[in-house]
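Rule-based calculations on the coordinates, nothing more; no lab input. This is a predicted model, so every value here is computed, not measured. Note: ideal-geometry Cβ built from the backbone for every residue, glycine included; neighbour counts use all protein chains shown.
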Amino acid sequence: MSVLETKQLTKQFGKLTAVDRMDFEIDRGEIVGIIGPNGAGKTTFVNLLTGVLEATEGEVIFDGESLGNAPVHDRANKGLVRSFQIPRVCDDLTLLENVRSAVLSRERRNNSLFSILHWEDESREEALELLERFGLADRQNVEAETIPHGDKKILDVCMSVAMRPKLLILDEPTSGVATDNKHEIMNRLQRYFETTDSAVLFIEHDMELIEQYAERVLAMDQGQKLIDGTPQEVLEDETVKRRIRGEE
Ligand SMILES: Nc1ncnc2c1ncn2[C@@H]1O[C@H](COP(=O)(O)OP(=O)(O)O)[C@@H](O)[C@H]1O
Ligand SMILES: [Mg+2]
């Protein structure tokens with residue numbers, strides 16, 4: 001069953017159609033990669049999903065419900081979460097404090113009878129468990145500003161996961177990370193998401209990472225869906241080779 005579906009989703013900036021009548025679906029638990037040349041409309045597409053941008057036409061259906069113009073936080077509360085957006089890593093808090101604050105903000109939003117006292121211990125336990133699952137527990141008490149860039153990206157995903165997403169969106173989760181560390185990051189994310197129901201939609205330029213970590217791939221070009229299929233089908237497609245992989 002699909003957790004998210006778009007119907008003829010379209011975004012125009014003046015005369016430019018950045019996202020052009022996109023029909024797309026992602027199932028529960030699925031891990032889907034989005035590829036496309038610069039300017040293809042990938043970021044605009046995910047901004048329409050998360051509510052950062054309002055669609056010109058078309059709709060986003062999440063968990064069986066049309067989202068209309070629901071704002072970013074409402075969507076996040078429903079389980080449509082974009083990492084590096086909500087919640088944000090706070091540099092002068094420790095890793096544990098960062099993840100705890102994400103757990104607490106979730107509870108505060110979801111529970112009108114929320115009592116911070118009741119959650120004092122529970123949030124700590126849950127945060128620690130999350131840090132463990134992402135391999136960050138050994139540094140639970142160090143400040144976030146002191147950890148390497150790649151670990152910070154993992155911390156950000158860890159905090160997003162604390163929101164209990166049904167769909168987590170990642171825009172280039174390994175950008176700015178040395179090639180050697182990209183696999184390390186993706187492995188840790190994969191290990192976590194293999195064990196959950198959460199679907200993951202990630203934009204990625206590195207075709208090797210797409211091939212290895214995506215279960216399905218959506219290729220975009222000029223705001224449109226070029227092809228949607230298994231990594232093999234998509235990466236071997238002639239237009240994808242020419243337009244996205246830079247082969248003649
Ligand atoms: N806020 C905006 N205003 C005007 N044009 C935009 C805006 N955001 C993106 N665009 C344009 O929309 C197109 C798609 O951009 P984008 O979604 O960022 O592509 P991608 O993420 O695939 O590189 C590009 O031509 C870009 O210049
Ligand atoms: Mg982009």
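With kT/(6 pi eta Rh) evaluated at 20 °C and eta = 1.002 mPa s, and Rh the Kirkwood radius from Cα pairs, region 186-248 diffuses with a coefficient of 170 µm²/s according to Stokes-Einstein. Cα centroids of region 199-240 and region 159-189: 17 Å apart. Between region 76-109 and region 2-48, the alpha-carbon centres lie 25 Å apart. Remark: region 138-148, residue by residue, has Karplus-estimated 3J(HN,Hα) of 5, 10, 4, 9, 9, 6, 4, 5, 8, 8, x Hz, where x stands for each Gly or Pro and the curve is 6.51 cos²θ - 1.76 cosθ + 1.60 at θ = phi - 60°.
Give me the orientation-averaged projected area of the Cα convex hull of region 88-162, in nm², one decimal.
Details: hull surface 18.1 nm².
So the Cα hull casts an average projection of 4.5 nm².
Shape of region 1-137 from the C-alpha gyration tensor: prolate (a/c of 1.5 or more and a/b above b/c, with a ≥ b ≥ c the square roots of its eigenvalues).
Show me the three semi-axes of the equivalent ellipsoid for region 148-206, from the C-alpha gyration tensor (sqrt of 5 times each eigenvalue), largest first, rounded to whole Å. Write down the numbers at each step before the final one.
On the way: eigenvalues 69, 27, 23 Å².
Taking √(5λ) for each eigenvalue gives 19, 12, 11 Å, largest first.
In this structure, the amide hydrogen of D221, modeled 1.01 Å from its nitrogen in the peptide plane, lies closer than 5 angstrom to those of L226, counting only residues at least 5 positions away or on a different chain.
A simple rule links phi to the HN-Hα coupling: the Karplus curve 6.51 cos²θ - 1.76 cosθ + 1.60 with θ = phi - 60°, which for region 129-135 gives 5, 5, 4, 4, 5, 9, x Hz, with x for Gly and Pro. Averaging 1/r over each pair of different alpha-carbon atoms in the chain and inverting the result gives 18.7 Å, the Kirkwood hydrodynamic radius. For region 151-164, backbone phi angles converted through the Karplus equation (6.51, -1.76, 1.60; θ = phi - 60°) give residue-by-residue couplings of 5, 5, 5, 5, 4, 4, 5, 4, 5, 5, 5, 4, 6, 6 Hz, Gly and Pro being listed as x. Among 158-165, 60-67, sorting by the average number of other beta carbon atoms lying within 10 angstrom of each residue, highest first, gives 158-165, 60-67.
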